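Below is one structure, written out as structure tokens; the observations come after it.
The values are calculated or read from the model by the stated rules, or taken from the named source; none is laboratory data. Note that the structure is predicted; figures quoted are calculated from it, not measured. We place every Cβ from the backbone using ideal geometry, glycine too, and count neighbours over all the protein chains shown.
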Amino acid sequence: MKLKTYKIALIPGDGTGPEVIAEGKKALDAAAGRFGFKLDYTHYDLGGERYLKTGEVLPSGVLEELKRHDAILLGAIGHPDVKPGILEKGILLELRFKLDQYINLRPVKLYPGVDCPLKGKGPDDIDFVVIRENSEGLYAGAGGTLKKGTPDEVAIQESINTRKGVERCLRYAYEFTRKRNRRKKLTLCGKTNVLTFAFDLWERAFREIGTGYPDIKADYAHVDAITMWFVKNPEWFDVVVTDNMFGDIITDLGAMIQGGMGIAAGGNINPEGVSMFEPIGGSAPKYKGQNVINPLAAICAAGMMLEHLGEEKAAQAIEAAVIEVTGKHIKSLAAGRMGMGTSEVGDLTARITSGAAI
Ligand code: IPM
Ligand code: MN
């Protein structure tokens, strides 16, 4: 029988990106071997080095090739010698927009054995998912500057919220909450008391769509309050849905309460197209090439990718391996303090994923 084959684009990127992607790939291969499918990889050298050498960020030919893959696994984008914004906007955001990955899915889950900065909170208390709108809002790039560099300078940056964009995100969130089937609670995170145009649209659509989901408890919290509740009562949350900017901010807080950037992963999802998975921490250039960076976030991103591709058992095996590694084998999630090197953590996770005795 011919094994099912998935075409995966790997974009290792900058800094420690290539090191963590190498470890993510080990876990993927272990899962593929055990569960009987194949992964066919193509590497793309997008990132700071290519930009510095050729001036290219995301050539249109590369974008077209990426569209012909089943999924993308991204390491990190960001280079110390490149002005901030060029690579982030030119590669990461451009991919999200051009591939219309309108959902940014960010699980916030505290694994056993992982140090949590919140006193008295454990794995039972921290297990929710943030669904961040990923194609509009303040990220859409609407606005401009007038009289730049003069005392009369004006800078305008507008938040774009379309009925279609808001609605597709909310529908995804309701469906996701139903499928997740845990507390069946969906919290809209907004700022209806001040941003009375944007979040009026969000709230109305949230309530209207909610009538089709009587099994889901629809809840609301202002964004400032939610930063408080994530710290004080994270156990209240099941699924949180929000706009692009608020989602960016609250998921960094989410990453911290689940143990830090060493473990936080996310998916940029186009349910009808090509999706891209990534560890959400940056390129950490100061740790580059030292075998000290934690690869678990990239490994978790690889697991999310398999789940998205429909290889649920393989995804579960990767998650179970990560839980075993965090619970029993590594000392800390922090770079340089794991008690093991990057590649050793990757080897161990892959070995457990493969089902072999360790
Ligand atoms: C993230 C990052 C990006 C964002 C940056 C690097 C453009 O912070 O994925 O959360 O703001 O979305
Ligand atoms: Mn961010």
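Please enumerate the residues belonging to the range 26-43 that are buried (at least 21 other Cβ atoms within 10 Å of the Cβ) and either free of Cβ contacts under 8 Å to residues at least 60 places away in the same chain or within 24 Å of Val57 (Cα to Cα) (or both).
Scanning the range 26-43 gives a single hit, Leu39.
Counting just the residues of the range 238-269 that are within 22 Å of His308 (Cβ to Cβ) and over 13 Å from the mean Cα position of the chain (by Cα), which one comes out farthest from ligand 1 (Cβ to nearest atom)?
Asp238
Could you please find all residues in the range 304-321 being crowded, with 23+ Cβ neighbours inside 10 Å and either within 18 Å of the chain's Cα centre (by Cα) or among the small types (Gly, Ala, Ser) (or both)?
The initial filter retains those residues of the range 304-321 that are crowded, with 23+ Cβ neighbours inside 10 Å, namely 304-306, 311, 314, 318, 321.
Met304, Met305, Leu306, Ala314, Ile318, Ala321 - these are the residues of the range 304-321 that are crowded, with 23+ Cβ neighbours inside 10 Å and either within 18 Å of the chain's Cα centre (by Cα) or among the small types (Gly, Ala, Ser) (or both).
Please pick out the residue among Leu58, Leu87, Leu66 that is closer than 25 Å to Ile293 by Cα and either touching a residue at least 24 places away in the same chain (Cβ under 8 Å) or assigned to a loop (DSSP other than H, G, I, E, B) (or both).
Values: Leu58 fails: closer than 25 Å to Ile293 by Cα; Leu66 fails: closer than 25 Å to Ile293 by Cα.
Every option except Leu87 fails the conditions.
Could you say which residue among Leu3, Leu66, Leu52 is hydrophobic (A, V, I, L, M, F, W, C) and surrounded by 14 or more Cβ atoms within 10 Å (Cβ to Cβ)? It would help to see each step written out before you state the result.
Numbers: Leu3 fails: surrounded by 14 or more Cβ atoms within 10 Å (Cβ to Cβ); Leu52 fails: surrounded by 14 or more Cβ atoms within 10 Å (Cβ to Cβ).
Matching residue, one of Leu3, Leu66, Leu52: Leu66.
For the range 277-303: of the residues being surrounded by fewer than 24 Cβ atoms within 10 Å (Cβ to Cβ) and among the β-branched types (Val, Ile, Thr), which is farthest from ligand 2 (Cβ to nearest atom)?
By that ranking, first place goes to Val292.
Which is more than 20 Å from Trp202 (Cα to Cα) and either more than 11 Å from ligand 1 (Cβ to nearest atom) or among the charged types (D, E, K, R) (or both), of Leu105, Leu99? Steps first, please.
Numbers: Leu105 fails: more than 20 Å from Trp202 (Cα to Cα).
Sole residue among the options that is more than 20 Å from Trp202 (Cα to Cα) and either more than 11 Å from ligand 1 (Cβ to nearest atom) or among the charged types (D, E, K, R) (or both): Leu99.
Kindly indicate whether any position in the range 72-92 is among the acidic types (Asp, Glu), touching a strand residue (DSSP E or B) at 6+ places or on another chain (Cβ under 7 Å), surrounded by fewer than 24 Cβ atoms within 10 Å (Cβ to Cβ) and modelled with pLDDT of 95 or more. Give the steps one after another, and end with the answer.
Within the range 72-92, the first condition is being among the acidic types (Asp, Glu), and the residues that meet it are 81, 88.
With touching a strand residue (DSSP E or B) at 6+ places or on another chain (Cβ under 7 Å) added as a condition, the list becomes none.
Checking the range 72-92: not a single residue is among the acidic types (Asp, Glu), touching a strand residue (DSSP E or B) at 6+ places or on another chain (Cβ under 7 Å), surrounded by fewer than 24 Cβ atoms within 10 Å (Cβ to Cβ) and modelled with pLDDT of 95 or more.
For the range 301-351, name all the residues that are free of Cβ contacts under 8 Å to residues at least 60 places away in the same chain and either among the β-branched types (Val, Ile, Thr) or assigned to a helix (DSSP H, G or I) (or both).
Scanning the range 301-351 gives Glu307, Glu312, Gln316, Glu319, Ala320, Glu324, Val325, His329, Ile330, Glu344, Leu348.
Within the range 290-297, is even one residue in a helix (DSSP H, G or I) and either within 16 Å of ligand 1 (Cβ to nearest atom) or at pLDDT 95 or above (or both)? If you could, list the steps in order and put the result at the bottom.
Kept after step one, since they are in a helix (DSSP H, G or I), are these residues of the range 290-297: 296-297.
Add one more test, that the residue is either within 16 Å of ligand 1 (Cβ to nearest atom) or at pLDDT 95 or above (or both), and what stays is 296-297.
Yes, the range 290-297 contains a residue that is in a helix (DSSP H, G or I) and either within 16 Å of ligand 1 (Cβ to nearest atom) or at pLDDT 95 or above (or both).
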